[in-house]
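Worksheet: one structure, shown below.
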Amino acid sequence: MSASPDFATAVRPSAGDGAGREPLLSVRGLRVSVADGTEVVHGVDLGVPRGSAAGLVGESGSGKTLTCRAVLGLLPAGVQVTGGQIAFDGAELTALPDAERARLRGTGIAAVFQDPASYLNPSITVGEQLAEVLRVKVGLGRRAARERAVELLHAMGLRRPEHVYTQYPFELSGGMLQRVLLAMAISADPELLIADEATTALDVTVQAEVLELLSELRRDRGLTLIVVSHDLAVVAQTCDTVHVFRDGAVVESGPTRRVLRAPRHPYTRQLIDAHERFGIDRVREQRRSPR
Ligand SMILES: Nc1ncnc2c1ncn2[C@@H]1O[C@H](COP(=O)(O)OP(=O)(O)OP(=O)(O)O)[C@@H](O)[C@H]1O
């Protein structure tokens, strides 16, 4: 899609009912090893249909983040893909040169992580930083980038967006900062957004608001989502399918409702038991009753 000034609010053209379920992202047999040669991701398979929301859950260190970083082409130094395929929109990513992978970040696949402040320069206003992304990734001129930035801040649910534009990161709350990072992430109209523990540091009310914003972005713009969380309730609220990671492998995948109501793998059952006290039962009840 061209860099139309309206793209953040425009509804992405529908891929059509039949095409809506074709996988936008297909990961097959992904293997990742760290600097000393130890393999930490052992043949992960993930299919993420266009327009869907996939949840990746599992305990800390189970390989969720490295799988996502492999998809983004942003693995830490010394960590590398040692096997498997990653197909995005029909193109094999592992074969692409670095420059192509870099071009795809933001325009095809974007991500938001925990701790949004660490991704912002503390001495530049958030609006200028967003406008800079729009100039570099979308090619807008200075004035158009500023206007677009304000529109995007507004579209992310930030009140008084002209004022927010002029604020420095330290002046904004964690929830507001994550909305700014979401504005940056979607500014070049990506098709896939990875939210890796993006709401973990937020208090429950703000977390629910940001999750609702993610669902809105999916609904209104046709974004495909990958939501990484150690919290099953987050995934239950936002995702159609869930992939349960353990020790660098996916032990169970399926529709969220089925996996939460009738887990097949003992580890999934264990995860659900561990989450009961955080209200997963309430979420399961909500999903059972039609809205
Ligand atoms: N840069 C790195 N160097 C060495 N080992 C790493 C590196 N990054 C991750 N690992 C190891 O790879 C494994 C998978 O880590 P990963 O971060 O993908 O897990 P995760 O499921 O996302 O966990 P968390 O929820 O804590 O982020 C872990 O054993 C981790 O210690």
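A few remarks follow.
- Hits in segment 121-157 (condition: without any contact (Cβ under 8 Å) to a residue 24 or more places away in the chain and farther than 26 Å from residue 103 by Cα): 154
- Residue within segment 55-74 that is surrounded by fewer than 22 Cβ atoms within 10 Å (Cβ to Cβ), more than 16 Å from the ligand (Cβ to nearest atom) and within 18 Å of the chain's Cα centre (by Cα) present: no
- Residues in segment 40-54 that are surrounded by fewer than 23 Cβ atoms within 10 Å (Cβ to Cβ), within 16 Å of the ligand (Cβ to nearest atom) and either over 30 Å from residue 221 (Cα atoms) or free of Cβ contacts under 8 Å to residues at least 60 places away in the same chain (or both): 40, 42, 43.
- The one condition in (1) surrounded by fewer than 23 Cβ atoms within 10 Å (Cβ to Cβ); (2) modelled with pLDDT under 95; (3) near the ligand (Cβ under 9 Å from one of its atoms) that residue 37 fails to fulfil: (3)
- Filtered residues of segment 159-192 (kept if not charged (D, E, K, R) and not in a helix (DSSP H, G or I)): 166, 167, 168, 172, 173, 187, 188, 190, 192
- When 103, 135 are screened for being at pLDDT below 95, out of contact with any strand residue (DSSP E or B) (no Cβ under 8 Å at 6 or more places or on another chain) and of a type in the set (Lys, Arg), only 103 passes.
- Filtering 117, 185, 111, 155 for residues that are within 16 Å of the ligand (Cβ to nearest atom) and under 22 Å from residue 217 (Cβ atoms) leaves a single hit, 111.
The values are calculated or read from the model by the stated rules, or taken from the named source; none is laboratory data. The model shown is predicted, which means the values in this text are computed figures rather than measured ones. Quick reminder, even Gly has a Cβ in these numbers, built from the backbone with ideal geometry, and neighbours come from all protein chains shown.
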